[in-house]
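Reviewing the structure listed below.
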Ligand code: EPZ
């Protein structure tokens with residue numbers, strides 16, 4: 001397993017290009033199952049999760065052609081061979097469950113393995129199942145697989161979600177495009193990735209209104225056609241690299257960054273004494289005066305503070321002036337980066353879903369271990385500011401969601417390299 005070695009203390013200067021959003025691409029790719037016409041995605045990110053989704057779709061018979069070094073993906077499901085998403089693939093990536101809605105909508109059947117838990121939580125699928133049953137699906141759990149059928153196809157319905165689940169909203173949104181009649185999703189997730197999916201489905205011929213609000217209305221149509229769609233900018237990669245100069249000093253311009261994608265995050269940075277400036281090409285970030293100030297953070301559904309930036313923010317607050325309180329309200333176990341940051345000299349107390357961070361002057365480099373995607377990048381960022389050398393192991397987590405992180409950071413002056421593992 002590869003490791004990443006970071007020498008702390010070098011100020012950063014330059015531009016970082018932000019890639020297309022992993023969490024948009026992972027719901028856009030299964031949308032190809034809704035039509036026998038080809039779907040072309042541009043600005044696609046080059047990540048191992050995208051390769052996993054490609055393998056899953058290919059196991060169903062979807063043709064996936066990758067071009068321009070993976071930035072363009074052409075998908076076609078005109079020759080499907082299966083409607084079963086196998087545990088071997090699904091257990092590696094929860095987003096595999098996003099084939100459930102499209103398969104039910106167009107093929108009226110699906111067998112999808114439950115993803116099983118992951119490091120950050122149990123991550124059940126009850127909201128997905130209840131919603132699709134409301135649309136007429138019959139879904140039974142057998143041997144760890146959801147066996148779903150929709151005799152005669154899905155029917156439009158009023159679908160209230162007990163929680164604004166991103167994945168459940170995406171599954172229902174895709175399913176509703178081919179259902180008979182009108183579907184109204186209530187308490188829908190409002191994330192930019194939902195909006196991007198709706199834009200893509202509309203290009204395919206879907207009739208959708210209200211994406212980005214809590215109520216989305218979909219008029220089912222008989223079939224969807226071909227489309228070409230650019231994947232929206234990755235707001236989590238954006239937020240991650242916006243923090244890099246806050247740790248290391250200097251100034252970085254995130255090319256392609258949009259303030260509307262990270263509004264609540266940018267407001268917290270402003271409160272912490274970080275300058276975020278909109279430029280013609282993106283967002284420029286620099287510390288205003290030395291160490292940032294402590295701020296309190298509570299993760300919420302969009303447009304609240306994103307849970308996927310909580311670990312990165314905690315790492316930044318480890319060397320802020322004062323004490324910060326972070327509340328993780330979305331997942332039940334998303335503080336695994338805390339013990340690793342403590343190994344670097346951070347002063348953090350975790351009680352359940354609340355972490356209290358007492359800022360220290362400086363962290364010290366140490367060997368640390370990545371546990372999940374966002375925790376791993378928070379340790380890299382901490383290494384940029386730490387005194388001495390930090391070695392982050394198990395970086396396969398990192399490759400799931402960040403394109404060539406060591407290349408992007410070394411291009412702006414960071415002393416960082418990837419060391420091939422045994
Ligand atoms: C998406 O996961 C993202 N993944 C996650 O990003 C992100 O953290 C999450 O949304 C929240 O924003 C993708 O888009 C591929 P949820 P998802 O359904 O859809 C509970 C990353 O780092 N829940 O909104 O799985 C669930 O257990 C990843 O890129 C149920 O209880 O998130 C969790 O506690 C990590 N029952 C909460 O809701 C359900 O049926 C949020 O889950 C569904 C969810």
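The values are calculated or read from the model by the stated rules, or taken from the named source; none is laboratory data. Note that this is a predicted model, so its numbers are computed, not measured. Heads up, the Cβs are rebuilt from the backbone with ideal geometry, glycines too, and the neighbour counts pull from every protein chain shown.
For segment 339-372, residues that are outside any loop (DSSP other than H, G, I, E, B), without any contact (Cβ under 8 Å) to a residue 40 or more places away in the chain and crowded, with 22+ Cβ neighbours inside 10 Å total 2. For residue 135, the conditions (1) more than 10 Å from the ligand (Cβ to nearest atom); (2) within 19 Å of residue 187 (Cβ to Cβ); (3) modelled with pLDDT under 95 all hold with the exception of (3).
Residues in segment 324-348 that are in contact with a helix residue (DSSP H, G or I) (Cβ under 9 Å, 6 or more places away or on another chain) and either farther than 18 Å from residue 121 by Cβ or more than 16 Å from the ligand (Cβ to nearest atom) (or both): 324, 338, 340, 341, 344, 346, 348.
Just checking, does segment 150-170 include any residue being closer than 18 Å to residue 35 by Cα, within 16 Å of the ligand (Cβ to nearest atom) and crowded, with 23+ Cβ neighbours inside 10 Å? Within segment 150-170 (the criterion being closer than 18 Å to residue 35 by Cα, within 16 Å of the ligand (Cβ to nearest atom) and crowded, with 23+ Cβ neighbours inside 10 Å), the answer is yes, since at least one residue qualifies. Set side by side, the residues 183, 240 differ, and just one is in contact with a strand residue (DSSP E or B) (Cβ under 8 Å, 6 or more places away or on another chain) and either touching a residue at least 40 places away in the same chain (Cβ under 8 Å) or not in a strand (DSSP E or B) (or both), which is 183.
Candidates in segment 19-49 are the residues that are surrounded by fewer than 23 Cβ atoms within 10 Å (Cβ to Cβ) and not in a loop (DSSP other than H, G, I, E, B); of these, the one that is nearest to the chain's Cα centre (by Cα) is 49.
Contact annotation: residue pairs with Cβ atoms under 8 Å, 6 or more positions apart or on different chains, pairing a residue in segment 105-134 that is part of a helix (DSSP H, G or I) with a partner that is near the ligand (Cβ under 7 Å from one of its atoms), are 127/163; 127/165; 127/168; 128/165; 128/167; 128/168; 131/168. The condition of being touching a strand residue (DSSP E or B) at 6+ places or on another chain (Cβ under 7 Å), more than 29 Å from residue 45 (Cβ to Cβ) and more than 16 Å from the ligand (Cβ to nearest atom) holds for residue 388.
Within segment 246-292, being assigned to a loop (DSSP other than H, G, I, E, B) and more than 24 Å from the chain's Cα centre (by Cα) holds for 249, 272, 273, 279, 280, 288, 289, 290, 291, 292. Set side by side, the residues 129, 74 differ, and just one is surrounded by fewer than 19 Cβ atoms within 10 Å (Cβ to Cβ) and either within 16 Å of the ligand (Cβ to nearest atom) or on the phi < 0 side of the Ramachandran plot (or both), which is 74.
Here the condition is being crowded, with 18+ Cβ neighbours inside 10 Å and either assigned to a strand (DSSP E or B) or within 14 Å of the ligand (Cβ to nearest atom) (or both); of 295, 301, it holds for 301 alone. Looking across segment 304-323 at every residue that is more than 15 Å from residue 264 (Cα to Cα) and buried (at least 16 other Cβ atoms within 10 Å of the Cβ), the one that is nearest to the ligand (Cβ to nearest atom) is identified as 311.
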